[in-house]
Amino acid sequence: MFGLMDVFLKNDAVSLQKDILDHVEFTVARSRFNFDDFEAYQALAHSVRDRLIERWHDTHQYFKKKDPKRLYFLSLEFLMGRSLTNSVINLGIQDQYADALSQLGFDYEVLAEQEGDAALGNGGLARLAACQMDSLATLDYPAWGYGLRYQYGLFRQIIVDGFQHEQPDFWLNFGNPWEIERVHVSYPVKFYGTVEEEVLNGKTCRVWIPAESVEAVAYDNPIPGYGTRNAINLRLWAAKPSDQYDMESYTTGDYINAIVNRQKAETISNVLYPDDRSYQGKELRLKQQYFFVSASLQDIIRRFKDLHNNFDEFPEKVALQINDTHPSIAIAEVMRVLVDEEHLDWSKAWGIACKIFSVTIHAVQPEALEKVPIDLLGSVLPRHLEIIYEINYCLMEELKKILGQDYDKLSRMSIIEEGAVKCIRMANLSLACCHTVNGVSRLHLETLKTRVFKDFYELWPQKFQFKTNGVTQRRWIVVSNPSLCSIISKWLGTEAWIRNVDLIAGLREYAEDPDLHAEWKNMKKVNKMRLAEYIETLTSVKVSLDAMFDVQIKRIHEYKRQLLNILGIIHRYDCIKNMDESDKRRVVPRVCIIGGKAAPGYEVAKKIIKLCHVVADKVNIDPDVGDLLKVVFIPDYNVSVAELVIPGTDLSQHLSTAGHEASGTGCMKFLMNGSLLLATADGSAVEIAEEIGAANMFLFGAKVDEVPALREKGTSLKGSLQFARVVRMVRDGHFGFKDYFKSLCDTVEEGKDFYLLGSDFASYLEAQAAADRAFVDQEKWTQMSILSTAGSGKFSSDRTIEEYAEQSWGIEPCKCPF
Ligand code: 26Y
């Protein structure tokens with residue numbers, strides 16, 4: 001018999017080859033003498049998957065044996081990107097696979113490029129969830145991720161004549177080797193119907209009689225930790241028709257309609273909402289939220305009941321983290337299960353709910369806070385509406401004791417918003433219940449405390465915390481920048497920084513070492529070459545490697561101010577056009593790279609993308625400009641594009657109007673990769689400046705406390721003649737599409753310039769000029785670059801997760817023995 005920790009699968013080159021060939025033959029069903037790169041990738045992925053499953057089983061058996069308190073991380077979005085290289089690196093078998101494949105006549109790198117991205121999320125919040133899963137596994141925490149298995153991830157962006165078009169992301173078409181379908185792990189999720197009164201053991205109870213049932217089937221995605229045997233689970237739910245679904249149509253003989261209706265059930269997990277800006281009360285969105293929350297809670301409670309029979313112990317065994325307020329219907333669902341199904345007293349159930357939930361807020365803009373119309377909630381989840389009313393009644397009673405007759409305040413804090421359309425404020429529901437409300441940077445917490453959630457902060461200051469975001473150095477250095485990874489390990493004399501990133505500060509000591517400088521510059525050059533090739537293939541624009549590669553990649557939003565970047569590029573172009581040859585010799589050549597998706601309904605963002613293209617079209621063929629300026633829009637920005645672009649970046653831009661970017665995590669990835677940052681004092685950039693020293697980055701623009709007065713003053717165009725000139729160029733049709741850009745220009749017109757492009761423009765140009773001057777002195781630049789990487793330790797998601805574990809979740813590592 002095998003013991004618990006016996007390893008079945010061997011990792012020497014011969015065993016790996018045999019496994020890969022077996023998968024070619026029996027999984028992919030091709031001849032082992034004739035298969036192409038994609039089939040080789042599939043076979044390779046399946047052999048890695050086997051090794052993941054092995055660890056996954058051991059980890060879960062071990063967790064079961066130890067029964068520690070577990071963290072359940074509920075998120076509507078996970079942006080995982082590719083899995084292959086991350087998995088083989090975390091399993092510690094990348095070199096073995098590369099050897100095995102080369103003996104079979106395949107190049108590992110080529111096969112790795114065959115994999116598509118898993119893009120089950122929009123942007124920052126979703127990628128953060130993915131980084132945090134990697135850290136949870138690496139740090140051996142007993143954690144589970146729960147989410148939705150969308151059939152269609154975030155749309156693919158294609159550019160036609162400079163305009164964004166959206167195409168569906170058929171990511172599952174060729175199968176997904178990284179998931180394990182668990183046909184036996186499934187739960188019914190109910191919707192609609194009525195609530196009736198029943199008498200049970202002499203007590204009157206409310207009972208929900210649902211009208212529809214949809215089956216949630218589990219798909220497990222193992223997440224391996226680095227340098228540990230632990231592999232945790234990301235369980236994503238897919239909707240399948242339930243056997244109980246629409247029985248009536250069958251019995252009434254309407255067979256065809258019954259089948260059609262069955263299919264409708266599956267639409268719940270069909271598609272990810274591609275908007276990360278403003279919430280619209282959509283029935284499908286609410287159904288998605290409840291669907292994954294209900295299935296996850298049934299799963300969590302089943303696991304708890306396997307070993308426990310008293311709900312008093314629930315908070316000792318379960319921590320529930322809700323990723324933004326999107327899964328906050330979980331609060332009402334826990335109450336429903338505890339009160340209606342487990343027959344606990346209301347106050348006892350509420351006491352339990354308040355001990356298990358914590359929430360992290362990722363937004364600043366009030367438009368992003370979800371408000372569900374009462375009519376909608378009452379129709380889809382009638383019992384939950386009653387429960388929320390009850391929670392609100394208790395909240396209001398408690399508040400009245402403290403606030404007395406302050407009705408303004410009471411109505412602001414109420415979970416119910418009165419108005420033309422009466423709504424449930426999901427954020428207020430979360431604030432009422434969660435024991436901890438986290439911001440994602442120090443500045444963000446200040447904003448939550450003083451603006452968005454001021455009333456709640458005054459009442460319960462102890463609930464409010466912040467955990468500055470972080471990203472995983474495994475993906476953002478080890479996977480995406482192997483040359484930098486080798487340099488760091490060589491100079492530190494250890495690979496330990498991959499698990500303990502604080503050690504990276506040891507590079508500071510060598511920041512002026514000429515040998516390190518030579519290696520560093522070479523690394524950057526090789527990465528720039530790769531990026532230049534990619535740019536040429538995609539856009540046919542040839543770029544010079546001597547130019548400064550200047551990058552802004554992120555979702556397109558007015559507050560992120562890609563428009564400021566483009567107007568700055570127009571200014572640079574205008575200056576070059578007006579120079580004589582001797583002045584031109586002093587210009588630092590630039591390649592300005594912009595990438596990002598606009599939400600499909602976000603017209604202003606779409607115009608910004610078009611503006612970028614028309615400027616590129618004019619600048620890139622202008623013989624007066626040549627290599628001094630090139631403008632590139634990278635289409636279909638996603639995680640794997642980021643992995644390619646970030647290592648090849650000299651300067652990255654983070655331009656949000658102060659007070660609008662909750663944290664920003666892209667900046668951390670650039671920082672780790674030694675790109676210098678040109679940024680406003682917003683979100684985590686403030687803390688980055690503290691870590692690396694403000695002198696090692698290019699900060700500009702209004703500070704958060706100056707913003708209200710500047711808005712009040714309303715001087716934009718007058719404030720800067722240069723700004724007026726570049727906006728005028730766009731208005732006058734210098735780049736064509738005069739009528740089309742009118743409304744875009746209007747957004748930054750005097751008195752309307754909400755995001756303060758006009759008042760920040762002069763300061764922005766100064767920061768750009770400072771970056772140019774620094775780039776001329778390549779030794780100085782390289783030193784700043786090394787200091788950026790050396791100062792990035794704090795921005796690892798490992799640190800963030802340790803803080804959450806200790807301050808919010810109360811969980812301890814549970815390390816599966818090797
Ligand atoms: C409700 C719906 C409209 C909605 C959907 C997605 C609202 C917001 C979102 C996503 C928000 C998001 O990605 N926020 C970003 O979270 C990052 C991780 O904390 C931050 O770094 C970043 O500043 C913030 O914009």
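Read the figures in this text as sums done on the coordinates, not as results from a lab. Since this is a predicted model, take the numbers as computed values, not measurements. Methodologically, a virtual Cβ is constructed for each residue, glycine included, from the backbone with ideal geometry; neighbour enumeration extends over all protein chains shown.
Points to keep in mind about this one:
- 3J(HN,Hα) along region 554-571: 4, 4, 7, 9, 4, 5, 7, 6, 4, 5, 4, 4, 5, 5, x, 5, 4, 4 Hz, from the Karplus curve 6.51 cos²θ - 1.76 cosθ + 1.60 with θ = phi - 60°, whole Hz, x for Gly and Pro.
- Tensor-based shape of region 342-426 (alpha-carbon gyration tensor, a/c under 1.5 rounded, otherwise prolate or oblate): rounded
- Reachable lysines, given that their alpha-carbon falls under 20 Å from the alpha-carbon of LYS401 and they are not under 8 places away in the same chain: LYS409, LYS454, LYS463
- For the pair region 438-458 and region 574-607, the centres of their Cα atoms are 36 angstrom apart.
- Lysines whose Cα lies under 16 Å from that of LYS703, excluding same-chain neighbours fewer than 8 positions away: LYS560, LYS713
- Entries in LYS610/LYS630; LYS69/LYS305; LYS528/LYS610; LYS554/LYS606; LYS190/LYS287 that, when Cα-Cα distance is taken, lie over 19 Å: LYS528/LYS610
- Relative contact order computed over region 477-525 (Cα-Cα under 8 Å; 6+ residues apart), in percent: 32 percent
- 3J(HN,Hα) couplings calculated from phi for region 463-474 with the Karplus curve 6.51 cos²θ - 1.76 cosθ + 1.60 (θ = phi - 60°) are, in sequence order, 6, 8, 9, 9, 10, 4, 4, x, 10, 8, 5, 4 Hz; Gly and Pro show x.
- Under 5 Å, built H, 5+ apart or other chain: amide partners of PHE466: GLY439
- Packing, taken as the mean count of other beta carbons within 10 Å per residue, orders the peptides 299-312, 352-365 from highest to lowest as 352-365, 299-312.
- Dipole magnitude (debye, nearest 20) for the chain, charges at Cβ of Lys, Arg, Asp, Glu: 820 debye
- Full-stretch length increase - GLU603, SER743 - with 0.36 nm per residue and alpha-carbon distance subtracted: 49.4 nm
- Long-range HN-HN contacts of MET548 with modeled amide H, under 5 Å: ARG590, VAL591
- Positive dipole terminus of the chain, leading residue within HIS435, SER640, LEU91 (C-beta point charges): HIS435
- Farthest toward positive dipole pole in region 74-228 [+1 Lys/Arg, -1 Asp/Glu at C-beta], among TYR192, VAL217, ALA112: TYR192
- Evaluated with a Cβ-only charge set (Lys, Arg +1; Asp, Glu -1), region 84-197 carries a dipole of roughly 320 debye about its Cα centre, given to the nearest 20.
- The chain, helix-only ellipticity at 222 nm - DSSP H runs n ≥ 4, -39,500 (n - 2.57), divided by all residues, nearest 500: -14000 deg cm²/dmol
- The charge dipole of region 124-261, taken about its Cα centre with unit charges on the Cβ atoms of Lys, Arg (+1), Asp and Glu (-1) only, comes to about 540 debye.
- For LEU139, distant residues with modelled amide H under 5 Å away: none
- Within the chain, the percentage of alpha carbon pairs spaced more than 46 angstrom apart rounds to 25%.
- Anisotropy class assigned to region 729-800 is prolate, per the alpha carbon gyration tensor with a/c at or over the 1.5 cut-off and a/b larger than b/c.
- Which of LEU272, PHE304, MET396, positive extreme of dipole for region 264-406 (C-beta unit charges): LEU272
- Region 296-438: relative contact order in percent, alpha carbon pairs under 8 Å with at least 6 residues between: 31 percent
- Note, ³J(HN,Hα) from phi for region 593-607, Karplus 6.51, -1.76, 1.60, rounded to Hz, x at Gly and Pro: 10, 10, x, x, 9, 9, 4, x, x, 9, 4, 4, 5, 5, 5
- Lysines with Cα under 17 Å of LYS282, excluding same-chain neighbours fewer than 8 positions away: LYS264, LYS371, LYS422
- Euclidean distance between Cα centres, region 783-818 to region 623-693, Å: 22 Å
- Averaging the sequence gap over all C-alpha pairs within less than 8 Å and six or more residues apart, then dividing by the number of residues, gives region 645-782 a relative contact order of 21 percent.
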